[in-house]
Amino acid sequence: MSLTSLDATLWLAFVWLAIGGAGFLAPRNYFYIARVLFPLGALVGLLLAGVALDAVFHEPVSRVLPLGLPDLPFHARMDALSAFFLLLTGSVAAGISVFAGGYFRHGEQGTLPGLLCFYYHVFLASMALVLVADDAYFFMVAWESMALSSFFLVTTDHRHAEIRRAGYLYLLIAHVGAMAILMCFGALQGGTGSYQFDAMRAVQPGPVWGTVAFLLALFGFGAKAGLLPLHVWLPEAHPAAPSPVSALMSAVMLKTAVYGLLRVTFDLIGSPVWWWGVIALSIGLASALFGIVFAAVQTDMKRLLAYSSIENIGLIASGFGLTILFRGFSMGPLAALALTATLYHCINHAFFKSLLFLATGSVLHSTKERSLGKLGGLIHRMPWVAWLSLVGTLAIAGLPPLNGFVSEWLLLQAFLFTPGLPHAYLNMLVPVAAGLIALTAALSGYVMVKFYGVVFLGQPREAKLAEVQDAGLWKRAGLLWLAGGCVALGLFPLTVIGLIDEVTRPLTGFGIAGQSAASGWLYLVPISAERASYSPLLFLLVTSLLIAIAWLGVRLFYHGRMRRSAAWDCGFPYLDSRMQDTAQGFGQPVRQVFEQYFRVEQTVPSPFDPKPRYAETASDPLWHWLYLPFARGIMRATGLVTVLQRGRISVYLIYSFVTLLALLLFVR
Amino acid sequence: MTSAAGLAAQFAELILAVLLAPMLTGWVNQCRAWLQNRSGPGVLQPYRMLLKLFRKEVVLAHNASPLFRIAPYVIFACLALSAAIVPTLSTDLPLNAAADAIALVGLLALARMFISLAGMDVGTAFGSLGARREMMVGFLAEPALLMVLFTASLISHSTSLATIVGTLAKNEFVIYPSLAFAGVAFTMVSLAENARIPVDNPATHLELTMIHEAMVLEYSGRHLAMIEWAASLKLFVYSCMGLALFVPFGIAEGGDSAGILLALPVLAAKLAVGGALLALIETLSAKMRIFRAPEFLGIAFLVAVLAMLVRVLLES
């Protein structure tokens, strides 16, 4: 009997579980956990990526597992969509696990390392199982294990009240979302009572049940992905978790939600209606703009990255919405283009965001500091981390020739076709949407300059930063792997699109790989050569050639004299590190331009104060307008119920007596 | 895809841009001097300045990182490449297949990112202030620029600059109202991006108002020369982009070598007129407060979106 890719994946997921279990053998032995188990987990990730890479190009396989309830066995299936997301999971997890091998070490507070190793690998395995689940039951079991294991990972450092609070918020929203997903499957089974995905595929839900299912899916998966207005857990949970976990959550877990959306919309429902796309597009654009504007004013580096995740998920959701729009109007090739951009952005975001989260992890480890206001100048002390994160910084800012640019470019190309939509209002609104995407992309450049400049450049803002150590070998290896991924994904778009093509073909009926390679292996041509083409390799080659010529030219004719001296700064001699821009200062223009979207609280000192302190916080207005009133409503409702709770046994006895009487009267 | 004539045109464009860009800056300064009743230093002054800077030694701050020293070359290379992408002499450019209008915007953003990072590197108050302001102007101007290019690309159904310019140059007698809006937006964006009045003043060293100059304060010698050269190139690129989009006549089509020879004086004439107009705008307007810059660029963005809507609604 030959081992199919699905069997291999399931085995690898169980190996992850076993590695997690092995953590209990010596739960306090850091060397064993960090240097043996985590690298083993990384190896499994690599193998999984290899299996998935092979499976993308093969026919779907499915099987029934000898697990589950007696009459309700687990079904699993591997098709190109699952395989693509498994590839993402495996390859990113490999880098993160190697990094984690250097991250967890002696003297950390909180959860035991063995327990941490267990949760971590259960988290990984459940994400892999979510991607291959083929019935609602298995899917929900895996989905919930994912939510629970990540909850325990978020609350690793559970001695701090705010971390427990962040974990609670995360758990709450995860479960509200999970309920919506469960109901979505209920709407999809279409009265057959069968919860296998095969049965759901066979049933064509009418427009009403289809819409109900789609909206529930958007709500449920959107809660996991961090779409507006269910994003509030993200900026709380990501900073609370240890950095490898934040990286894993942001890079992979958010993508499982995207996977769920794609699976339900294009596979289980099958025929989306065009106006669903408008909803997804609007929510996506709102999230993207909201995320990046808020990222610009953050002062905690992990919160900044968390808000930037909201932005990227927003971009992905916009691409998803655009795909539905094109699909709804039967413009198959364009739907394939939009879906390609969406999937490409998924894998890009997985690589650069995990790279940046791990970089902040290294900084946090070395400096014990995550407030941007207390860092600075780390490029001198931590050159490895600094230069590798420069790659991630440029990639996430969407700059050529790195990977972020390719997906944004494809997305914008797809948007440029929207005037062809056969709908009078849409083709007006959608170009405006392209403008918003452009604004978001430009703002992300701003945010990334702030992030990189404040952390790595300038003078160290604290004296202790002069002593910090660069990341160790394990961490460097993890960062190097992810940075290499960013570069490779940017330089070889045709290979990646060839892969994505296998996914878009079953979902939209079309692929863009054929015409993309029409002008030769060097050029990416999504539609036609007259329309647009881009060649990252040529781009990089010419740019580096020009840099080399400029440098050599100057070398050749220049005497090369150089002198080190104090900074000039317009002749001001008393320069110190506190005169640099702080993170707050750097965010000020954005705060001012988008002032009405923030809820700003300022405390201004009195002019006679000998030690003036100026404080300013910009908080999320949605929290105040939506969540707090909602929570207050719940509290009020429960307050009404507590009237019954008297705390006296005689009153409770009367309750039982009245109940008994009522039952006797009415039921008989 | 590539022909020998195309390669030759590509090289000619690149070298011409790199060599002539400082002259355009000199011409604008000269015109400004004339308009202000000064005699002016002549159009060759930027070359003299570059030569002077190249002769000087570099004085580097103690905590300048390698990034600070690499950045001038990266910025220079980015702008030289963008000068090669914008069709100035011919539309048969091999590099146009490698990078389209969106990649051009990305390239300019890359240069901006590096100059801002370099500005923050030494850790002076002015450096980070300049970087912050530069990025603010950038995030407001970049989407407007993209919208302008999108409007043009909706007309020609292509984001390749060569195709855009080719299409626009061929339809001589069609007037596009959308391009009029786009032209206004583009002018506003280029004023801001090139650190000209009314957004920034290229001649200022008054600390509190400067943007571009604040970022490059710590540079000296060869590094400063590269930065200054790159700034001239940027002005050249934006001027050529404007000319190519809104006055695309006289650019050689395909591999027409006689056309290239003819295109050169046409380009020079167009640049001379454009530079004089820029000097006129700068002389007639006053520099705004920095807080007004978002409004200025917000208007540019809205006008650019309007251009796109006009294109979609009225012209299709």
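Tabulated data for the structure shown
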item	result
For A:Arg578: the one exception among (1) open to solvent by less than 50 Å² (accessible area, probe 1.4 Å); (2) within 30 Å of B:His62 (Cα to Cα); (3) in contact with a Lys or Arg (Cβ under 8 Å, 6 or more places away or on another chain)	(1)
Criterion violated by A:Ile96 - all others in (1) in a helix (DSSP H, G or I); (2) among the hydrophobic types (A, V, I, L, M, F, W, C); (3) in contact with a Pro (Cβ under 7 Å, 6 or more places away or on another chain); (4) open to solvent by 10 Å² or more (accessible area, probe 1.4 Å) satisfied	(4)
2 or more residues more than 8 Å from every other protein chain (Cβ to nearest Cβ) and open to solvent by less than 10 Å² (accessible area, probe 1.4 Å): qualifying helices (runs of 4 or more DSSP H) within segment B:29-124	B:66-85, B:101-121
Odd one out for A:Phe138, checked against (1) touching a helix residue (DSSP H, G or I) at 6+ places or on another chain (Cβ under 7 Å); (2) modelled with pLDDT of 90 or more; (3) under 18 Å from A:Asp7 (Cα atoms)	(1)
Residues located in segment B:35-59, provided they are without any contact (Cβ under 8 Å) to a residue 60 or more places away in the chain and either among the aromatic types (Phe, Trp, Tyr) or farther than 30 Å from B:Ala286 by Cβ (or both)	B:Tyr47, B:Leu51, B:Lys52, B:Arg55
Residue match in segment B:155-163 (condition: more than 7 Å from chain A (Cβ to nearest Cβ), closer than 17 Å to B:Val237 by Cβ and at pLDDT below 90)	yes
Residue identified as in a loop (DSSP other than H, G, I, E, B) and either open to solvent by less than 40 Å² (accessible area, probe 1.4 Å) or at pLDDT 85 or above (or both) among B:Pro202, B:Pro198	B:Pro198
Answer residue from segment A:483-523, given it is more than 10 Å from chain B (Cβ to nearest Cβ) and touching a strand residue (DSSP E or B) at 6+ places or on another chain (Cβ under 9 Å) and is surrounded by the fewest Cβ atoms within 10 Å (Cβ to Cβ) among those	A:Ala517
Long-range neighbours under 7 Å by Cβ, at least six apart or interchain, first residue closer than 12 Å to A:Gly511 by Cα and not assigned by TED's automatic domain parsing to the domain that holds A:Ile313 within segment A:329-348, second open to solvent by 10 Å² or more (accessible area, probe 1.4 Å) and in a helix (DSSP H, G or I)	none
Residues that are open to solvent by less than 20 Å² (accessible area, probe 1.4 Å) and of a type in the set (Gly, Ala, Ser), drawn from segment B:209-262	B:Ala214, B:Gly221, B:Ala225, B:Ala230, B:Ser232, B:Gly242, B:Ala244, B:Ala252, B:Gly259
Out of A:Pro419, A:Pro431, A:Pro400, sole residue that is in contact with a strand residue (DSSP E or B) (Cβ under 9 Å, 6 or more places away or on another chain) and at the interface with chain B (Cβ under 8 Å from one of its Cβ atoms)	A:Pro400
Test: residue in segment A:378-393 that is open to solvent by less than 10 Å² (accessible area, probe 1.4 Å) and within 25 Å of A:Val258 (Cα to Cα)	yes
Among residues of segment B:4-26, those that are more than 20 Å from B:Phe76 (Cβ to Cβ) and either open to solvent by less than 70 Å² (accessible area, probe 1.4 Å) or outside any helix (DSSP H, G or I) (or both), counted	4
Given (1) open to solvent by 10 Å² or more (accessible area, probe 1.4 Å); (2) modelled with pLDDT under 85; (3) within 18 Å of the chain's Cα centre (by Cα), index of the condition B:Thr187 fails	(2)
Among the residues listed as A:Pro431, A:Pro419, the single one being assigned by TED's automatic domain parsing to the domain that holds A:Gly485, open to solvent by 10 Å² or more (accessible area, probe 1.4 Å) and in contact (Cβ under 8 Å) with a residue 12 or more places away in the chain	A:Pro419
Residue under evaluation B:Ser285, criteria (1) within 14 Å of another protein chain (Cβ to nearest Cβ); (2) exposed (fewer than 15 other Cβ atoms within 10 Å of the Cβ); (3) not β-branched (Val, Ile, Thr), criterion not met	(1)
Counted residues, segment A:437-448 - those being in contact (Cβ under 8 Å) with a residue 12 or more places away in the chain and facing another protein chain (nearest Cβ under 8 Å)	7
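The values are calculated or read from the model by the stated rules, or taken from the named source; none is laboratory data. Nothing here was measured: the structure is a model prediction, and the numbers come from that model. Glycine gets a Cβ as well: all are built from the backbone with ideal geometry, and neighbour counts include every protein chain shown. The accessibility values were calculated without ligands, DNA or RNA, using every heavy atom of the protein model including side chains. Shrake-Rupley method; radii C 1.70, N 1.55, O 1.52, S 1.80 Å.
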